[in-house]
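Worksheet: the structure to be examined is printed underneath.
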Amino acid sequence: MKSLVVILTLVFSHSILAQVMSLDGVVLTASGGAPSNCTAGGYKTLNSAGVSGNCVTFTTGGFQNGAIWACSGINLNQSFKLTFTINFGNNTVAGDGMAFLLQTEGVPQVIGGRGGGLGYAQGDGAGCQGGTCPITPSVAVEFDTWDNSPAGAGGLNDIAADHTSIQTNGIMTAGNTLSGPISCLTSGATVRDGANHAVCITWDPTLNRYIVFFDGVQRMQYNGNIRTFFADPTNVYWGFTGASGGGLRPNPYVMLLC
C-alpha cells in the first residue's frame, strides 16, 4: 500500500523557509479566487489567518480564530507521517493554542469558535463558519496552552499544564477524548518558552494506530480506527486551526506558522 507522506514545516516565528505546506513532496500553492473557492493542489486561509511570505499568521490579538486548509483531501486507507515545528512564543499570560485537524465538514470556509475552542471546537461560539460551530465530523490533535477547566465550561477535559490531546467531532469533553490530555513536555514545563518544538504525527491503517510525538518523545497513542469517524475515509480534508482568547490574557497571542 502506498504511503502518503504529509510534510509541513510550521513555525510560530518570522523565519523564512522553503514553503508553507507540502503534500507528498509537492508544494501546495495559494488558491485564489472567491473565498469559497479551493483549487486542487492548493491551500486556503480563513478568518484571522493570513500568509506573509512563507509564514501563516493565525492570530494577532485577543479573541480571534484562523485556519489554513489544504484544498485536496487525503485517503486514510493509506498511512501518513506529518512533521512540523512549532514555537508558542514566550508570553505565559496568553493563550489558547492550535490544532491539527482531519475533517469532512468541508473546505475552505469551515472553522470553529474563538478562545478555548482553538478554532475547531465551540469556544465562545463566535467567529464560526460552516455547518456547525464545532467542526464535525473531525479528529483533532490539539496543543492547548490555556487551562479552561476552572470555569467549568461544559465539563471540558482540560488540565493546567500546556497539553495535547486527541478529540473527536469538535467536542472537548472526556467522552470525546481518544487520548490525553497529557502535558506536552515530560517535565510539565510550559511550551510558551520561545523555543522551537518538533512534532510528528503518524497514522498506520494496518495497525489502526495514531501516534503523536513532541520533541522526539511519544506523548500519545490511540489504538483504534480513526476512519470510523468519517463516512468516506478516502477523501478527508486536513489542515490547522488556531485561536486566542481574552480575559486574563492582556497581551496579544501572536501565532505564526512558517
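Here, each number is a calculation from the coordinates, and none is a lab measurement. Note that the structure is predicted; figures quoted are calculated from it, not measured. Note that each Cβ is placed from the backbone with ideal geometry, even for glycine, and that neighbours are counted across all protein chains shown.
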Legend entry - Mean Cβ count within 10 Å, highest first, over the residues of peptides 116-122, 98-104: 116-122, 98-104
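Taking the mean number of other Cβ atoms within 10 Å as a proxy for protection, how do you rank 63-73, 211-221 from highest to lowest? Show your work: numbers first, answer last.
Numbers: 63-73: 24.1, 211-221: 16.5.
With the highest mean Cβ count within 10 Å placed first, the list reads 63-73, 211-221.
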Inset, instruction - Starting from 0 in steps of 10 Å, tell me what percent of the Cα-Cα pairs of segment 157-200 lands in each bin. - result: 27, 47, 25, 1
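So, R0 is 25 Å and r is the distance between the beta-carbons of residue 174 and residue 200; what FRET efficiency does that work out to, to 0.05? Could you put the intermediate results ahead of the total?
Working: r = 26 Å, r/R0 = 1.03.
Rounded to the nearest 0.05, the efficiency is 0.45.
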Inset, instruction - Quick one: order 164, 45 by neighbouring beta-carbon count within 10 Å, fewest to most. - result: 45, 164
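Once you keep just the Cα pairs under 8 angstrom separated by 6 or more residues, what percentage relative contact order results for segment 18-257?
On the way: 679 pairs, mean separation 66.6, N = 240.
After rounding, I find 28 percent.
Using only the Cα atoms, what convex hull volume per residue in Å³ does segment 18-257 have? Write down the numbers at each step before the final one.
On the way: hull volume 27.5 nm³, N = 240.
Cα-based convex hull of segment 18-257, divided per residue, equals 115 Å³.
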Legend entry - Prolate/oblate/rounded call for segment 99-235, Cα gyration tensor, a/c under 1.5 rounded: oblate
Legend entry - Calculated from backbone phi, Karplus (6.51, -1.76, 1.60) coupling profile of segment 172-177 in Hz, x at Gly/Pro: 9, 7, 4, x, 10, 9
Inset, instruction - Would you mind calculating the gained length between residue 207 and residue 81 on full extension (0.36 nm times residue separation, minus the Cα-Cα distance), in nm to one decimal? - result: 43.9 nm
Legend entry - segment 33-104 and segment 116-137: distance between their alpha carbon centers, rounded to Å: 14 Å
Inset, instruction - Starting with the fewest neighbours, write out 166, 159, 171, 135 ranked by other beta-carbon atoms found within 10 Å of each beta-carbon. - result: 159, 171, 166, 135
